[in-house]
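Worksheet for the structure shown next.
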Amino acid sequence: MKRFLVPVGGALALVLGGAASAATAPAVSDGYDWAMRVNDEERVQSAILAYEVDGTDDQPLNFSCEEGGDRVFAGISGGAPDLTAIEFESGDQRVRLTGTTDADELPTFTAQEMPATFPFFRAFAANGWLRMTADGTVTDMAATARGAQAIRDFAAFCAG
């Protein structure tokens, strides 16, 4: 497997790819799906793509961006208070993003930005699933048909 560092939003991200075989798509988790929400009340439209159980605050991961900004941020609420990095995988694309955790009341991790046109994010939009590793815990996040459309819409919204 090839490992190399690439600049992502002014920081370096470890990208893994090459000789490793592509990961297989996980099954959809009961009750979970990807949903996109657009906030058009600000000067610039922004959007959130969340993996969640509809109608609850159960949301292990979300992505956010501004329309056409080609900058996507990943966030986790309720994770480990000392979390400093997360890893994503979709198909044969992998990325490790560093970030910071604000541990006031509920620990909230925010990763460095990555472009919406980044190979991992394009693979996620095409595949409709990702595998996240955070603090040693692996979580598969697969979309239903509706969720897969939300992922594609979000990627297009962010990329511009």
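Of everything listed in (1) touching a Pro at 6+ places or on another chain (Cβ under 8 Å); (2) at pLDDT 90 or above, the single unmet condition for Gly9 is (2). For segment 93-109, which residues satisfy the criterion of being in contact with a Gly (Cβ under 8 Å, 6 or more places away or on another chain), open to solvent by less than 80 Å² (accessible area, probe 1.4 Å) and not in a strand (DSSP E or B)? Within segment 93-109, Pro107 is the sole residue that qualifies. If the condition is being in a loop (DSSP other than H, G, I, E, B) and open to solvent by 20 Å² or more (accessible area, probe 1.4 Å), then segment 110-120 contributes Gln112, Glu113, Pro115, Thr117, Phe118. Of the residues making up segment 135-155, just one is hydroxyl-bearing (Ser, Thr, Tyr), assigned to a strand (DSSP E or B) and either open to solvent by less than 20 Å² (accessible area, probe 1.4 Å) or under 27 Å from Glu66 (Cβ atoms) (or both), namely Thr139. For the condition at pLDDT 95 or above and on the phi > 0 side of the Ramachandran plot, Gly91 qualifies.
So how many residues does segment 77-92 have that are in a loop (DSSP other than H, G, I, E, B), open to solvent by 50 Å² or more (accessible area, probe 1.4 Å) and closer than 23 Å to Asn127 by Cα?
If we filter segment 77-92 for residues that are in a loop (DSSP other than H, G, I, E, B), which is where we start, we get 78-84, 91-92.
This time we only want the ones that are open to solvent by 50 Å² or more (accessible area, probe 1.4 Å), so: 81-82, 84, 92.
Applying the additional criterion that residues be closer than 23 Å to Asn127 by Cα yields 92.
Counting residues in segment 77-92 that are in a loop (DSSP other than H, G, I, E, B), open to solvent by 50 Å² or more (accessible area, probe 1.4 Å) and closer than 23 Å to Asn127 by Cα gives 1.
Residues of segment 27-76 that are among the small types (Gly, Ala, Ser), over 13 Å from the mean Cα position of the chain (by Cα) and either farther than 20 Å from Arg152 by Cβ or open to solvent by 60 Å² or more (accessible area, probe 1.4 Å) (or both): Ala27, Gly31, Gly55.
Screening Thr98, Thr108, Thr133 for residues that are of a type in the set (S, T, N, Q), modelled with pLDDT under 95 and either more than 20 Å from Ala156 (Cα to Cα) or under 13 Å from the mean Cα position of the chain (by Cα) (or both) leaves exactly one candidate, Thr108.
The values are calculated or read from the model by the stated rules, or taken from the named source; none is laboratory data. These figures come from a predicted structure and were not determined experimentally. Cβ: placed from backbone, ideal geometry, glycine included. Neighbour counts: every protein chain shown. With ligands, DNA and RNA removed, areas are computed over all heavy atoms of the protein, side chains included. Shrake-Rupley method; radii C 1.70, N 1.55, O 1.52, S 1.80 Å.
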